[in-house]
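One structure below.
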Amino acid sequence: MSDTEIVQEFLVESYENLDRLDQELVSLEKNPGDVETLASIFRTIHTIKGTCGFLGFSKLEAVAHVGENLLSKLRDGLARLTPESTTALLAMFDAVRQILASIETTGQEGERHDEELIASLAKLLKSEPASKNKVSSAPVPSKGEHSKEKAGASPPDIRATVEKKIQEDPHPMVEVPAEAGVVKSAEVVEGVHAQQGARTQSSAADSTIRVDVGLLDKLMNLVGELVLARNQILQFTNSSEDSSLLATSQRLNLLTTEIQAGVMKTRMQPIGNIWSKLPRTVRDLALTCGKEVSIEMEGQETELDKTIIESIKDPLTHLVRNTVDHGIEKPEVRRAAGKNPVGRLHLRAFHEGGQVIIQISDDGAGLDAEKLRRKAIEHSLITPEQGSRMTDGETFNLIFLPGFSTAEKVTNVSGRGVGMDVVRTNVEKIGGTVDLQSKQGHGTTVRIKIPLTLAIIPALIVTCDGDRFAIPQVSLTELVRLEADEVEKGIEMVHGVPVHRLRGQLLPLVHLSEELKLREGHGTGAGQDGAVNIVVLQSDGQPFGLVVDAVNDTEEIVVKPLRKQLKNIKTFAGASIMGDGHVALILDVMGVAQRSNVISEARHRAMAEKHDDTAEKIAEKKTFLLFTGPDDSRMALPLNTLARLEELPNSVVEKSGQQWVAQYRGQILPLIHLGSVLEERRTELKRTPRSGELSEGPPLQVLVCNYEGQTVGIVVEEILDIVEDSADVRHPASRPGVLYSVVINGRVTELVDIPAVLQTSGVTQARQTVQVEATR
Amino acid sequence: MSQPLQFCTFYLDKLLFGVELQGVQEVIRYLDVTRVPLAPGVVSGLVNLRGQIITAVDLRRQLEFPPRPADAVPMNVVVRSEDGAVSLMVDNIGDVIEVEESSFERPPETLHGKVRSMILGVHKLDDRLMHVLDITKACQMAEEVAERNDAVTVDR
């Protein structure tokens, strides 16, 4: 073994031990009498000190040495662990870590000035004996050799102890020089300890080996291939008569399944691996915030795929920090509320329905739904109207919105409004969900639901135009099937855009075959039996219905990424091989939603609600003028936006530049044909010829409205009625120029967005240009 | 005397093509292709090559040949590209042949367009010409087309 290899081994081993140390020391602080833990800490530092002395890292040795001295005093019961000494020891661990990192990168210990740290440790070392009297009266561990020492053990006693140890241990690795009077008692015990430690370590090393993750990935791929070959063989042999062949293939089947499970398991790691760092984080943070927090963990052994473990590490740490900083109150507040001054932070991990649930709960102040609502309205994240309709549960989940912080003031720990949304994004990236429940005064619980592994996910298999597609189950909310006789009633059209009323809410429908251009032309999406299958999906909080030909089954699929050539197609998240050996594409629900504009329009609506105050006021008035727009679609405008309704003969229509105008009451009235503005989504063929030829045909129905001091005429097909309606049932617009879809008099009606229509038709812009020129 | 070059040959619409043997992973008979909606036209789809999902490129479309007759079953020439294996769908497989470097000639100037960038040149065999296909270009084109296709989608 070369020198560098020895150093490398030393680094890996030391890092592992240090990670454990943090946890052990914090637990020791809570339970100072725990000899086992103290001995383990001591052993680790002793090992590091010993090895670095051998490798010639003198600075590291100096730091470790003074720490070891303090630890040995603690272990021998000559001193008690105080918060100061814990902090000093943690600082010492940090220093050791820094030196190790420097050795790893540069091979040198680097320029360091640890004198202060060493001095502070040394000071603690000296000051400790002052409390010696206390120690003897304190209930210090009274097990084995420790008690003997303390009672002023004579050298023969120690010798006996050591000999007993050696007898118990038939394979001593080191002979301890236990000559009476030559070796100090502490050193003897230390020797025995080190010996034991070395033994447990070597046995652990015997039973585990380090394996490159790349190799495991490769094995995983090979197993995938094996499973496929197995499936094909099973298909052949099932039609065979040969009984021995059948038996063999059955055996192959079982073995393959076991191998698959085994290989999957190699990638699994207990969640305790990342939790082990949390007690230290909590301790440090609690000290900074002046709080007392105890951390409890349950289900550390719950296993997750390595890649998932890696990606939830940061969100988890963030949530825990948040809890300590905001969730748990200061001790005096807690005492006043009649609670235990020590806050409780409970981490729990468990399996549920093929997924892993991680719960982070505290018994802190909880969230104030009212305050959250106010904050959200202040920051224009929701409208007051939306706020009043929200349940408390919905309100709590507002804190996952970007730009939201519940902290009264910004601290260096948290409160800058970034974080919770990052937590949600990171968790959703790996196909998980986050949910928050809270009871004011009683605490908060955050539930993270994540899949066991990324490589294999449960998915719904659907068929569309003869091709199979897999839809990841995480984004699936429900399945709706409309029988042939319900299709007519169940699917309504908003200007040619299909919607379905799902429990009173309009659900936009997206035809998979159209989005993917699988077949030409429009269809109802009905399958062979005339029924329509709607897969209700949720993307970015926005539900939509995906119409497919048939819903097959749910299946566990192995996700394979698409090659670079096809990565550009955002509607697919990857591909998978089905049981019959054929390839099926995995739909990216987010991508499908974006492609069909489901998401962007929801955002658009949110923006409109936020910024367009006039629009908001208009919507609150309840008298509407109903009229027929292009293609017989039912549309409406709030009556108070209109000045007059006119019927103009064609003869008065003239063309001024690109704009149709009419002479009206001594003014030139620009005319906007609603059909020409709203029909952008339609294909060229369907464009009504009238839009360009206003000067022919029957008299024009014109709605005259004043907008920002300008009078314009909106040409519609037919004026229907004036109605009063609450128009509560709202739905995001399906195309520009429309504010919302609402239900008026029990029918879906589009509410026209006048500012948008004017802008699209160029009227507003033209006016602005004129103004600019006038000001010059 | 220079080292003889080995080529894996195949036919497209009766023309003989060849790719350097080192670049070829394997040649297999027809595999079921899963079409990829919205993908560029030259991509015929995805095939399952013993548990590996690889992209199949329709070489007829790539090289601007007329579409394959409906009754003809294509073969797969699986080549190694920079981005993993890619299957080239061809009409028929020919032999592995050895040629001398001296028989190579660059394509005539009169050959232009998209095809020229993919054909490195020809080897003059006794009875016919063998077109040397640039594997990287033949696979890369799919990517460029995909990007262009994407841009069109955005514009719309």
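Only one of the listed residues (B:132, B:79, B:122) is part of a strand (DSSP E or B), surrounded by 13 or more Cβ atoms within 10 Å (Cβ to Cβ), of a type in the set (A, V, I, L, M) and within 14 Å of another protein chain (Cβ to nearest Cβ). That residue is B:79. Quick check, is residue B:28 surrounded by 14 or more Cβ atoms within 10 Å (Cβ to Cβ), away from chain A (no Cβ under 11 Å) and over 18 Å from residue B:119 (Cα atoms)? So residue B:28 passes the test.
Scanning region A:463-515 for residues that are small (Gly, Ala, Ser), surrounded by fewer than 16 Cβ atoms within 10 Å (Cβ to Cβ) and assigned to a helix (DSSP H, G or I) yields one hit, A:484. Restricting attention to region A:554-587, the residues being over 22 Å from residue B:82 (Cα atoms), facing chain B (nearest Cβ under 7 Å) and either free of Cβ contacts under 8 Å to residues at least 40 places away in the same chain or of a type in the set (A, V, I, L, M, F, W, C) (or both) number 4. Every condition in (1) buried (at least 16 other Cβ atoms within 10 Å of the Cβ); (2) in a helix (DSSP H, G or I); (3) modelled with pLDDT of 85 or more; (4) of a type outside the set (A, V, I, L, M, F, W, C) is met by residue A:346 except one, and the failing one is (2). Each residue in region B:39-59 was checked for being at the interface with chain A (Cβ under 7 Å from one of its Cβ atoms), assigned to a loop (DSSP other than H, G, I, E, B) and crowded, with 20+ Cβ neighbours inside 10 Å, and 1 pass.
Among the residues of region A:320-342, write down those that are surrounded by fewer than 23 Cβ atoms within 10 Å (Cβ to Cβ) and in contact (Cβ under 8 Å) with a residue 40 or more places away in the chain.
Selection gives A:321, A:325, A:330, A:331, A:337, A:341, A:342.
Contact map, region A:28-57: first residue more than 16 Å from residue A:7 (Cα to Cα), second residue among the basic types (Lys, Arg) and assigned to a helix (DSSP H, G or I), Cβ cut-off under 7 Å, separation 6 or more or different chains; pairs are A:38/A:75; A:39/A:75; A:42/A:75. Per the listing A:310, A:298, A:258, the residue uniquely without any contact (Cβ under 8 Å) to a residue 12 or more places away in the chain and either closer than 24 Å to residue A:18 by Cα or in contact with a Pro (Cβ under 9 Å, 6 or more places away or on another chain) (or both) is A:310.
Okay, residues lined up against (1) assigned to a strand (DSSP E or B); (2) more than 23 Å from residue A:588 (Cβ to Cβ); (3) more than 12 Å from every other protein chain (Cβ to nearest Cβ):
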position	(1), (2), (3)
B:3	no, yes, yes
B:11	yes, yes, yes
B:32	no, yes, no
B:61	no, yes, yes
B:69	no, yes, yes
B:89	yes, yes, yes
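Take residue A:518 and decide whether it is surrounded by 15 or more Cβ atoms within 10 Å (Cβ to Cβ) and at pLDDT 85 or above. No, not satisfied.
The values are calculated or read from the model by the stated rules, or taken from the named source; none is laboratory data. On a predicted model such as this, the values are computed, not experimentally measured, just so you know. When we count neighbours, we look across all protein chains shown, and the Cβ atoms used for this are built from the backbone with ideal geometry, even at glycine.
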